[in-house]
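The values are calculated or read from the model by the stated rules, or taken from the named source; none is laboratory data. Fair warning: this is a prediction, and the values are worked out from it, not measured in the lab. Cβ sites come from the backbone with ideal geometry, for glycine too, and all protein chains shown count toward neighbours. Surface accessibility is based on the protein's heavy atoms, side chains included, excluding ligands, DNA and RNA. Shrake-Rupley method; radii C 1.70, N 1.55, O 1.52, S 1.80 Å.
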Amino acid sequence: MDAQMIMNEKIKASEVQLTGVNGEDLGIVPTREALTMAKQLKVDLVCESLMTSPPPCRLVGRGEAKQQRLQEKRQERKRERPAKLKEIRLTPHIEDHDYDTKRNQSERSLQGGDAVLLVVRIQGKEGAKAKESLERLTADLAHCGRKRTGIQLSGKQAAVELEPV
């Protein structure tokens, strides 16, 4: 849709390519007639584009057009916002309750559109246990996030990065 929504009496064209409330094609109709139809059906006549002649217009339920516009703007804003990377730290020998808390934190971040970096601090020979914890957590979060990187084991930590699905 255009930056400014053009509807009802603001449509200046003499005739419009009209689409009905249920998406049916009503053909080219004089604008005055289309406005009369809109009033009878208690709906709005909304212009979808000014790029063609006659402009395509559709009959949309009252307030529905504005609601749709707001929703589109909200989605656009969400897409424009840069994704953050949240770091969530764990230990190799994590208790079930703590594990659930970390899983819930990760889930919230992923569903909010942010990427998550899961980090397990390692001391001594805990590498295998740390990797096991990360594999379990990535499996539990598979419904809302996928691996961006594999599980990386370095001297002092194991890490994996998840991005939202």
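With the condition kept exactly as written, say whether any residue in the stretch 143-153 is free of Cβ contacts under 8 Å to residues at least 60 places away in the same chain, exposed (fewer than 12 other Cβ atoms within 10 Å of the Cβ) and in contact with a strand residue (DSSP E or B) (Cβ under 8 Å, 6 or more places away or on another chain).
Scanning the stretch 143-153 turns up at least one residue that is free of Cβ contacts under 8 Å to residues at least 60 places away in the same chain, exposed (fewer than 12 other Cβ atoms within 10 Å of the Cβ) and in contact with a strand residue (DSSP E or B) (Cβ under 8 Å, 6 or more places away or on another chain).
For the structure I just gave you, tell me whether Thr138 is in a loop (DSSP other than H, G, I, E, B), of a type in the set (S, T, N, Q) and open to solvent by less than 100 Å² (accessible area, probe 1.4 Å).
Spelling it out, it is not the case that Thr138 is in a loop (DSSP other than H, G, I, E, B), of a type in the set (S, T, N, Q) and open to solvent by less than 100 Å² (accessible area, probe 1.4 Å).
Looking for something without any contact (Cβ under 8 Å) to a residue 40 or more places away in the chain, in a strand (DSSP E or B), small (Gly, Ala, Ser) and out of contact with any helix residue (DSSP H, G or I) (no Cβ under 9 Å at 6 or more places or on another chain) - is there at least one such residue anywhere in the stretch 10-28?
yes
Out of the residues in the stretch 76-102 that are within 21 Å of Ile122 (Cβ to Cβ) and assigned to a loop (DSSP other than H, G, I, E, B), which is farthest from the chain's Cα centre (by Cα)?
Filtering first and then ranking leaves His93.
Residues that are in contact (Cβ under 8 Å) with a residue 60 or more places away in the chain, open to solvent by 20 Å² or more (accessible area, probe 1.4 Å) and within 25 Å of the chain's Cα centre (by Cα): does the stretch 60-70 have at least one?
Here is the first cut: in the stretch 60-70, the ones in contact (Cβ under 8 Å) with a residue 60 or more places away in the chain are 65-66, 69.
Those left that are additionally open to solvent by 20 Å² or more (accessible area, probe 1.4 Å): 66, 69.
Now drop any that are not within 25 Å of the chain's Cα centre (by Cα), which leaves 66, 69.
For the stretch 60-70, residues in contact (Cβ under 8 Å) with a residue 60 or more places away in the chain, open to solvent by 20 Å² or more (accessible area, probe 1.4 Å) and within 25 Å of the chain's Cα centre (by Cα): present.
Count, please, the residues in the stretch 81-117 that happen to be hydrophobic (A, V, I, L, M, F, W, C), under 15 Å from Cys144 (Cα atoms) and open to solvent by less than 30 Å² (accessible area, probe 1.4 Å).
So the count comes out to 3.
Being open to solvent by 60 Å² or more (accessible area, probe 1.4 Å), touching a residue at least 12 places away in the same chain (Cβ under 8 Å) and under 27 Å from the mean Cα position of the chain (by Cα) is the requirement here; does Lys73 meet it?
No, not satisfied.
Within the stretch 19-38, track down each residue that is open to solvent by less than 50 Å² (accessible area, probe 1.4 Å) and farther than 16 Å from Ser53 by Cα.
The answer is Gly20, Gly23, Leu35, Ala38.
Can you find, within the stretch 118-132, the residue that is most open to solvent (accessible area, probe 1.4 Å) among those that are among the charged types (D, E, K, R) and part of a helix (DSSP H, G or I)?
Glu132
Can you tell me how many residues in the stretch 47-56 are more than 27 Å from the chain's Cα centre (by Cα) and part of a strand (DSSP E or B)?
1
Could you tell me which residue of the stretch 141-163 is nearest to Asn104 (Cα to Cα), considering only residues that are of a type outside the set (D, E, K, R) and not in a loop (DSSP other than H, G, I, E, B)?
Among those residues, the one meeting the criterion is Gly145.
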